[in-house]
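See below for the structure under consideration.
Where a number appears in this text, it was derived from the coordinates with a stated rule and is not lab data. Just so you know, these numbers come straight off a predicted model, no measurement behind them. Note that each Cβ is placed from the backbone with ideal geometry, even for glycine, and that neighbours are counted across all protein chains shown.
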Amino acid sequence: MSFDPSIGTEIKKTRPALIISNDISNRFSKRVQVIPATSKINKLYPSECYIKIKNKTVKLMADQIMTVFKERLSNKIGEITDKEIEELERVLALQLGMNKS
């Protein structure tokens, strides 16, 4: 999806993103919530996790959650595994301050 134009330290350019909004919202709303991915995987911050896209490891950046108009989306390139979902839920909870103590 295209993240341009961006401002400041927002994610830039066309890159993969994971849609995290719920199915009902995705069906009826003109917007979706996404987490952008990057191929720069050498360092993993607490609000990030690894996933595989087309057999390539990428990093999801939960600190860059965005709501975007669906017209920014291009094509579906895959789905994440149950294990990847669990890890994503963990970093999302951390990023959003929803950790269970």
Counting Lys and Arg as +1 and Asp and Glu as -1, each charge on the Cβ, what is the dipole of the chain about the Cα centre in debye, to the nearest 20?
340 debye
Projected label distance in nm at Glu86 and Ile7, using a 7 Å step from Cα toward the beta-carbon
4.0 nm
Can you spot the aspartates and glutamates whose alpha carbon is less than 20 Å from Lys30's alpha carbon? Ignore those fewer than 8 places along the same chain.
Asp4, Glu71
Across the chain, how large is the tail of the calculated P(r) beyond 16 Å, expressed as a percent of all Cα pairs?
58 percent
Partner aspartates and glutamates whose C-alpha sits under 18 Å from that of Lys56, ignoring same-chain residues fewer than 8 away, are Glu48, Glu79, Asp82, Glu84, Glu87
Any of Lys40/Lys83; Lys12/Lys52; Lys54/Lys83; Lys13/Lys76; Lys59/Lys83 with alpha carbons more than 19 Å apart? Name them for me.
Lys40/Lys83; Lys12/Lys52
